[in-house]
Amino acid sequence: MEAIVRACSDEVWPAQVAAVIANRPDAAGLAFAASHGIATAVVDHRQYPDRDSFDAALAQQIDGFAPDLVVLAGFMRVLTAGFVDRYAGRMLNVHPSLLPSFPGLKTHQQALDAGVRLHGASVHFVTSQLDHGPIVAQAAVPVENGDTPAMLAERVLAIEHIIYPRAVRWFVEGRLALDGLRVTLTPSEPQWLFAGHTAGEGA
């Protein structure tokens, strides 16, 4: 979220971050957003008896800001199909793996257990199937001998901070189009990134 807010300002996007909404009152992003003059709100999931009622309250809060795009950043709750359908084609998420490989949790451990030599991150449109929406952008990093899940996580997070703001910018510039499961970018530019052996190096 912080990377997106900074990129929006630094790159002078034709958009603004309308609000940052969290499901935890202690989320660090709330203080960051407030310090940048961005509206904040909390919809605490613990105050609702079930997922449907929480999602309804969250949607009401989101709609109060009338956003063109909903961006999930560090939001670790599974959303109901009704909520996802409400924002179909205008809700993005970043997942720490090269989808469709390793959906769900503990992706870095999954990658190490599978013995893959490349791991990475994917920005995708959110659908009701968990971590399987149309892919906007992907970035890959090498899996090094001796890597731990924490080491991989750090390397992947660095590339998430590159491709997620980039994908959001493409959306707000009106450059993305959905054709089934395929996302096209106009005018075309690489929708992938290969990072080097050291986090931060790009290709």
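With runs of 4+ DSSP H residues as the only contributors, calculate the mean residue ellipticity of the chain at 222 nm using -39,500 (n - 2.57) per run, divided by the residue total and rounded to the nearest 500.
It lands at -10000 deg cm²/dmol.
So how tilted is helix 51-63 from the main axis of the chain? Cα-based, degrees 0 to 90, rounded to 10.
Tilt of helix 51-63: around 80 degrees.
Return the single residue from ASN23, ASN145, ASN93 with maximal mean-square fluctuation; model: Gaussian network over the chain, springs between Cα atoms under 10 Å.
Among ASN23, ASN145, ASN93, the largest GNM mean-square fluctuation belongs to ASN145.
Among GLY82, GLY115, GLY133, whose mean-square fluctuation peaks in a Gaussian network model of the chain (Cα, cutoff 10 Å)?
Ranking GLY82, GLY115, GLY133 by mean-square fluctuation puts GLY115 first.
With a 10 Å Cβ neighbour count serving as the proxy for reagent exposure, in which order, fewest first, do THR184, THR80 appear?
THR184, THR80
Restricting things to Cα coordinates, could you compute the convex hull volume per residue of region 2-194 in Å³?
128 Å³
To check you understand DSSP bridge types, tell me what percent of the beta bridges within the chain (both residues inside) are antiparallel, rounded to 5.
The antiparallel proportion sits near 60 percent.
Could you list TRP192, TRP13, TRP170 so that the one with the fewest beta carbons within 10 Å of its beta carbon is first and the one with the most is last?
TRP192, TRP13, TRP170
Pop out the ³J(HN,Hα) list for region 2-15 in order, Karplus 6.51 cos²θ - 1.76 cosθ + 1.60 with θ = phi - 60°, rounded to Hz; leave Gly and Pro as x.
Couplings: 4, 5, 5, 4, 5, 5, 4, 6, 5, 9, 6, 5, x, 6 Hz.
If the only charges are +1 at each Lys and Arg Cβ and -1 at each Asp and Glu Cβ, what is the size of the charge dipole of region 2-194 around the Cα centre, to the nearest 20 debye?
Using Cβ point charges on Lys, Arg, Asp and Glu, region 2-194 gives about 100 debye.
Which residue fluctuates the most in the chain, going by a Gaussian network model with Cα springs under 10 Å, if the choices are HIS36, HIS161, HIS124?
HIS36
Rounded to whole Hz and in sequence order, give me ³J(HN,Hα) for region 64-79 from the Karplus expression 6.51 cos²θ - 1.76 cosθ + 1.60, θ = phi - 60°, writing x for Gly and Pro.
Along region 64-79, the couplings run x, 9, 6, x, 7, 9, 10, 10, 8, 9, x, 8, 9, 9, 6, 8 Hz.
Once amide H atoms are placed 1.01 Å from N in the peptide plane, what residues at a sequence separation of 5 or more from TRP192, or on another chain, have their amide H within under 5 Å of its amide H?
GLN138
Name the residues whose placed amide hydrogens come within less than 5 Å of the amide hydrogen of ALA39, ignoring near sequence neighbours (fewer than 5 apart) on the same chain.
Amide H neighbours of ALA39, under 5 Å, 5+ apart: VAL20.
What are the semi-axes of the equivalent ellipsoid of region 64-135, taken as the square roots of 5 times the eigenvalues of the Cα gyration tensor, listed largest first and rounded to whole Å?
Those come to 26, 11, 10 Å.
What's the whole-number percent of alpha carbon pairs in region 1-58 lying beyond 15 angstrom?
Considering region 1-58, 53 percent of its Cα-Cα pairs are separated by more than 15 Å.
Using alpha-carbon positions, what is the distance between the centroids of region 37-110 and region 161-185, in Å?
Cα centroid to Cα centroid, the span is 18 Å.
Values quoted throughout were computed directly from the atomic coordinates according to the rules given, and no laboratory measurement underlies them. Everything numeric here is computed off the predicted structure, so don't read it as measured data. Because the Cβ atoms are built from the backbone with ideal geometry, glycine has one as well, and the counts that use them run over all protein chains shown.
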